[in-house]
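S.K.: I'd like to ask some things about the structure below.
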Amino acid sequence: MNFMKKTVLVLMISMLTFVGKAYAEMTYGVSAALTKIEASGTETEGGEKTNASAQNTVIVPSLFAEYSYSDTVSIGLDFIPLKADVSSKTKSRTDIETSVSGTATATTTSRTNKAQAELRNHLTAYGNFMVGDALFIKAGVAFVELNAQESLGTGSKYGSEDIFGGVIGLGLKQGNGRLELVYTDYEDIALTSSVARSGVSTNNKIDADLDTIHLKYSYSF
């Protein structure tokens with residue numbers, strides 16, 4: 001699935017690079033967005049399910065390149081060169097397991113699990129459509145890599161996942177600057193942990209939903 005997603009992404013970038021007409025105007029710019037990241041999900045561990053949610057608010061810079069075909073239609077690519085944490089703090093949980101051996105001696109095992117996730121390599125292909133002198137609608141497709149950063153007592157790992165998202169927004173444009181409010185709804189995330197250090201598969205799973213909303217100011221050169 002990751003190979004297919006990356007193939008679609010390359011084709012999408014290629015199309016945006018070569019569909020320009022002779023009279024198209026090419027511009028470049030920078031952006032800064034106050035971004036709220038929200039995630040909710042369920043971890044299934046040994047048949048036990050745990051629900052959790054996380055959120056973070058960060059300022060995210062980006063770079064963009066854009067073709068303007070007319071006064072009303074433009075398409076572009078927006079790239080975020082930095083990483084962003086999904087949660088404002090690392091989630092930590094300590095599990096205590098008690099077992100009884102053949103000699104009826106109780107043995108207690110304590111495992112501390114710490115989890116965090118980050119978004120990186122975020123790319124958006126978008127179109128802006130003017131619906132007035134200053135008002136425009138934004139629509140597009142986002143691609144991002146979700147990288148799980150965990151320290152689990154079992155030794156298992158969740159790894160990373162490439163995900164797409166639908167982008168919709170509304171903005172105001174004046175001169176070289178524009179202000180927009182944009183919402184991105186990412187596809188459902190499903191992660192399965194790798195083999196634990198004991199050599200036995202843990203079969204732990206995480207199913208999650210990720211959304212972002214940002215207030216963004218952009219300036220083109």
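Only the coordinates and a few stated rules stand behind these numbers; no lab work does. What you see is a predicted model; the values in this text were computed from it and never measured.
S.K.: Taking 0.36 nm per residue of sequence separation and subtracting the Cα-Cα distance, how much length would be gained by fully extending the chain between Ile137 and Asn51, in nm to one decimal?
M.R.: Length gained, Ile137 through Asn51: 27.4 nm.
S.K.: Report the gain in length on full extension from Leu82 to Val58: 0.36 nm times residue separation, minus Cα-Cα distance, nm rounded to one decimal.
M.R.: Contour length minus the Cα-Cα distance gives 7.5 nm.
S.K.: Full-extension gain between Thr72 and Leu215, please, as 0.36 nm times their residue separation minus the C-alpha to C-alpha distance.
M.R.: 49.3 nm
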